[in-house]
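Structure, as structure tokens:
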Amino acid sequence: MTSDQSHNPTISVIVPVYGCVQCLQELCKQLDEQLSVLTNRFEIILVDDRSPDDSWSMLADLQAAHPSVKGIRLSRNYGQHIAITAGLASARGDYAVVMDCDLQDPPSLIPALFSKLKEGHDFVLGKRIGRHHSSVRFFASELYFKLLSILTGEPFDGRYGTFSILSRKVIDAFLLFEEKERHYLFILRWLGFRVGTIEFVHQGRHSGQSSYSLGKLLSHALDGLLFQATVLLRWIVSLGFLFAFTGLIAAGFLAWRALFQSALPGWTSLIVVILVCTGAILVSVGVIGIYIGKIFDQAKQRPLYVIDIVRERKLPW
């Protein structure tokens with residue numbers, strides 16, 4: 001082991017921070033307690049995704065009470081999954097725990113995640129067996145993941161969240177991804193490493209409210225449906241062939257009626273068909289346009305994120 005490696009932490013904890021200023025003191029306290037059981041070499045990386053409640057102002061107090069805390073402040077709000085990426089890029093640990101800041105992911109489960117990883121898995125995911133969300137949000141989540149499973153042809157379980165532990169091999173592989181439209185779990189799923197699961201009871205929020213508004217949830221769902229796979233484009237092509245085939249059948253039927261019987265009276269059915277086909281064409285073109293727009297954004301090759309400030313303390317080891 002080199003001298004640089006000997007000063008690396010064993011475990012890094014990545015926490016995207018947004019709208020949970022009242023949770024941070026208790027979060028760091030519980031993390032200190034749980035991580036100290038596993039090792040005295042750990043770091044807690046708080047990634048401030050430009051939180052509107054000015055969580056960054058608490059960092060000095062947090063670092064005074066918990067020397068293992070490191071703060072990263074992004075230049076603007078990039079979203080949860082980019083914030084996770086920024087934290088993983090900064091993590092020096094042999095293992096990394098990723099969790100939310102609202103204490104719905106219990107820090108007391110970290111030793112169990114670490115123990116499960118040591119059984120031979122490359123990463124371990126927490127699976128929620130109970131969830132503290134409204135019935136509307138729960139129903140929408142179930143519907144979204146069922147639709148995603150239908151579109152991609154692969155089963156997706158909505159009970160998995162970002163609460164997880166990764167080995168260094170998985171961290172390094174994750175950081176190879178450069179696309180801006182990213183989802184933490186989808187990338188882990190694509191990597192294909194050996195995965196373990198720990199079930200846990202989803203806790204209620206320590207304080208405050210979720211930062212995911214209805215608009216943000218819909219935008220996140222759209223990203224997941226459209227930009228994690230091109231299957232929807234293939235569905236559009238199939239829909240086009242279906243309309244074309246239906247049109248040929250209808251044309252043949254109308255020609256037969258005109259030759260051997262009387263022509264069908266009225267234009268209502270014709271107008272309905274035109275409206276339906278036009279609507280399908282506009283939706284299809286719109287979806288393709290969204291894909292092209294995202295390709296344009298990716299082609300600019302802008303950085304995934306920009307760091308504004310980094311504050312870290314000299315660790316005791």
- Note on the structure: Expected single match for more than 24 Å from Gly196 (Cα to Cα) and part of a loop (DSSP other than H, G, I, E, B) among Gly120, Gly19, Gly93, Gly71 is Gly19
- Task: Inspect region 239-256 for any residue being at pLDDT below 70, exposed (fewer than 12 other Cβ atoms within 10 Å of the Cβ) and in contact with a Pro (Cβ under 7 Å, 6 or more places away or on another chain) and give the result as yes or no.
- Result: no
- Query: If a residue has to be modelled with pLDDT of 95 or more and either of a type in the set (A, V, I, L, M) or out of contact with any Gly (no Cβ under 8 Å at 6 or more places or on another chain) (or both) to count, how many in region 1-16 make the cut?
  - Reply: 4
- Message: Can you tell me which residue is nearest to the chain's Cα centre (by Cα) among those in region 35-50 that are touching a residue at least 60 places away in the same chain (Cβ under 8 Å) and buried (at least 24 other Cβ atoms within 10 Å of the Cβ)?
- Response: Glu43
- Query: If you check Ile150 against the conditions, is it at pLDDT 60 or above and in a strand (DSSP E or B)?
  - Reply: no
- Query: Just one of the numbered conditions (1) part of a loop (DSSP other than H, G, I, E, B); (2) aromatic (Phe, Trp, Tyr); (3) modelled with pLDDT under 85 is not true of Phe139; which one?
  - Reply: (1)
- Query: Is it fair to say Asp32 is without any contact (Cβ under 8 Å) to a residue 40 or more places away in the chain and buried (at least 24 other Cβ atoms within 10 Å of the Cβ)?
  - Reply: no
- Message: Report every pair of residues separated by at least 6 positions or lying on different chains whose Cβ atoms are under 6 Å apart, first residue within region 55-84 and in contact (Cβ under 8 Å) with a residue 40 or more places away in the chain and not assigned by TED's automatic domain parsing to the domain that holds Asp102, second surrounded by fewer than 22 Cβ atoms within 10 Å (Cβ to Cβ) and among the aromatic types (Phe, Trp, Tyr).
- Response: none
- When Asp102 is run through (1) under 22 Å from Ile171 (Cβ atoms); (2) of a type in the set (Asp, Glu); (3) touching a helix residue (DSSP H, G or I) at 6+ places or on another chain (Cβ under 7 Å); (4) in contact (Cβ under 8 Å) with a residue 60 or more places away in the chain, the failure sits at (1)
- Query: Does Phe200 meet the test of being at pLDDT below 70, of a type in the set (Phe, Trp, Tyr), within 30 Å of Ser51 (Cβ to Cβ) and buried (at least 16 other Cβ atoms within 10 Å of the Cβ)?
  - Reply: no
- Query: Taking region 266-311 on its own, how many of its residues are polar (S, T, N, Q), loosely packed, with under 10 Cβ neighbours inside 10 Å and at pLDDT 75 or above?
  - Reply: 1
- Top-ranked residue of region 289-301 - restricted to ones that are under 20 Å from the mean Cα position of the chain (by Cα) and not hydroxyl-bearing (Ser, Thr, Tyr), ranked as nearest to Gly87 (Cα to Cα): Gln298
- Task: Out of the residues in region 88-124 that are over 18 Å from Gln34 (Cβ atoms) and not charged (D, E, K, R), state the one that is surrounded by the fewest Cβ atoms within 10 Å (Cβ to Cβ).
- Result: Gly120
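The values are calculated or read from the model by the stated rules, or taken from the named source; none is laboratory data. This is a predicted model, so every value here is computed, not measured. A quick note on method: Cβ atoms are made from the backbone with ideal geometry, for glycine too, and the neighbour counts reach across all protein chains shown.
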